[in-house]
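To start, the structure itself, in structure tokens.
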Amino acid sequence: MANIKKIAVFTSGGDSPGMNAAIRSVVRTCAYLRIVCVGIYRGYEGMIEGDFVSMNARSVNNIINKGGTILKSARSKEFRTKKGREKAYEQLGFSMIDAFVVIGGDGSFTGALQFNKEFNVPFIGIPGTIDNDIFGTRYTLGFDTALNTAVEAIDKIRDTASSHRRLFFVEVMGRDVGHIALNSGLGAGAEEILIPEEDLGLERLLKSLKRSKARGKTSSIVVVAEGDRTRGKNVYELKEYVEKNLPIYDVRVCVLGHMQRGGAPSCYDRVLASRMGVKAVESLVEGKTNFMTGIIDNQITLTPISEAIKGKTKIDKELIRISDIMTT
Ligand code: ATP
């Protein structure tokens, strides 16, 4: 058991739905274990400036259902410098903070690891990012909500697509990985799903679109991950290519963008956040540090941060196979 009397919690990097539920869980677990809890505003930026707020069980009333993060988030250039991290360490010292929980992505974890190397402040990470690209967990916080948002939006686009007999390319988030595209595309019944992990080529796309036209389909949806570059083309170039090569189609592009980050977290994300928050605080109390909470086979797990930041989760090949069958 470590002698932890005061724990700080903050959110860092891009926000994701479920971050508030995770803050709430950390604060309430601290209250339950009679540990003082402090919130840090604006991630490492606020740590450097000493922008702290005392938190108790009541400070987190009515936030489990809210998107965004009540502690705000930021990207801090200064924390990337040794001087910046020294300032942050001083601020933690002034407030007698023994350990912290960082809710964010792999960049935020890399920063925490570096900070721990230099100043030995214990920490646990909670993966909060809609992309679901962090190694060591089946799901990151916000992914499930983002999927539901994307599917709802694609369903709406399908309504207009079928009224006008149009083909829509719908771009969803996912710079390096296609988890959102693959899952939301499958869930929304897309004709094709284009992800960065696989370049299926333009021929296959045209063939598939021709086939769906021949089958008498009145509308088509192609879901494209933001980072996909089928034969080097982005979503607008794909549109042009299809218009040129399949003039039967009236093609439109819809980029869902930041709306996928917002909104009330799904029940799954709220439960996941609650479980991860408890695990994070209990782990610090047990003297553990430099781990990330995760969920694997529905069990809450700990993965060394050094491993979590090294790898990306691989796309589920079985889902690709199912998607191929569904689009036959
Ligand atoms: P997202 O997945 O949404 O991008 P992230 O946590 O990966 O979230 P980053 O902007 O990469 O977001 O990182 C958040 C912050 O972590 C940075 O603004 C910076 O302050 C800190 N950070 C990232 N990398 C390092 C590093 N190598 N050294 C020190 N601090 C870092």
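The values are calculated or read from the model by the stated rules, or taken from the named source; none is laboratory data. Remember, it's a predicted structure, so these values are computed and weren't measured experimentally. Backbone-built Cβ (ideal geometry, glycine too); neighbour counts: all protein chains shown. Calculation scope for accessible area: heavy atoms of the full protein, side chains included, ligands and nucleic acids excluded. Shrake-Rupley method; radii C 1.70, N 1.55, O 1.52, S 1.80 Å.
Computed quantities for the displayed model
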{"item": "Residue ID - surrounded by the fewest Cβ atoms within 10 Å (Cβ to Cβ), chosen from residues in the range 184-201 that are touching a Leu at 6+ places or on another chain (Cβ under 8 Å) and more than 12 Å from VAL151 (Cβ to Cβ)", "result": "LEU200"}
{"item": "The range 134-145: number of residues that are within 8 Å of the chain's Cα centre (by Cα) and either of a type in the set (Lys, Arg) or open to solvent by 20 Å² or more (accessible area, probe 1.4 Å) (or both)", "result": "0"}
{"item": "Subset of the range 1-56 [among the hydroxyl-bearing types (Ser, Thr, Tyr), assigned to a loop (DSSP other than H, G, I, E, B) and open to solvent by less than 10 Å² (accessible area, probe 1.4 Å)]", "result": "SER12, SER16"}
{"item": "Extreme residue, nearest to ILE126 (Cα to Cα), among residues of the range 87-105 that are touching a helix residue (DSSP H, G or I) at 6+ places or on another chain (Cβ under 8 Å) and open to solvent by 60 Å² or more (accessible area, probe 1.4 Å)", "result": "TYR89"}
{"item": "Check on ALA31, at pLDDT below 95 and either more than 16 Å from the ligand (Cβ to nearest atom) or closer than 15 Å to LEU92 by Cβ (or both)", "result": "no"}
{"item": "Members of the range 110-133 found to be part of a helix (DSSP H, G or I) and either over 11 Å from MET292 (Cβ atoms) or within 14 Å of the chain's Cα centre (by Cα) (or both), listed by number", "result": "THR110, GLY111, GLN114, PHE115, ASN116, LYS117, GLU118, PHE119"}
{"item": "Count - residues of the range 158-177 that are closer than 26 Å to LYS217 by Cα and either open to solvent by less than 10 Å² (accessible area, probe 1.4 Å) or not charged (D, E, K, R) (or both)", "result": "10"}
{"item": "Wholly enclosed helices (runs of 4 or more DSSP H) of the range 246-326 bearing at least 1 residues closer than 30 Å to CYS37 by Cβ and open to solvent by less than 80 Å² (accessible area, probe 1.4 Å)", "result": "267-285, 305-308"}
{"item": "Within the range 218-236, considering residues that are of a type in the set (D, E, K, R) and over 19 Å from ILE154 (Cβ atoms), the one surrounded by the fewest Cβ atoms within 10 Å (Cβ to Cβ)", "result": "ARG231"}
{"item": "Unmet criterion (only one of (1) in a helix (DSSP H, G or I); (2) within 16 Å of the ligand (Cβ to nearest atom); (3) buried (at least 22 other Cβ atoms within 10 Å of the Cβ)) for ALA181", "result": "(2)"}
{"item": "Odd one out for PHE109, checked against (1) within 11 Å of the ligand (Cβ to nearest atom); (2) surrounded by fewer than 21 Cβ atoms within 10 Å (Cβ to Cβ)", "result": "(2)"}
{"item": "Test: residue in the range 76-86 that is more than 10 Å from the ligand (Cβ to nearest atom) and within 22 Å of the chain's Cα centre (by Cα)", "result": "no"}
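Table: residues versus (1) near the ligand (Cβ under 10 Å from one of its atoms); (2) among the aromatic types (Phe, Trp, Tyr); (3) within 20 Å of GLY277 (Cα to Cα); (4) at pLDDT below 95.
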| site | (1), (2), (3), (4) |
| --- | --- |
| SER59 | no, no, yes, no |
| ILE70 | no, no, yes, no |
| LEU113 | yes, no, yes, no |
| THR137 | no, no, yes, no |
| PHE143 | no, yes, yes, no |
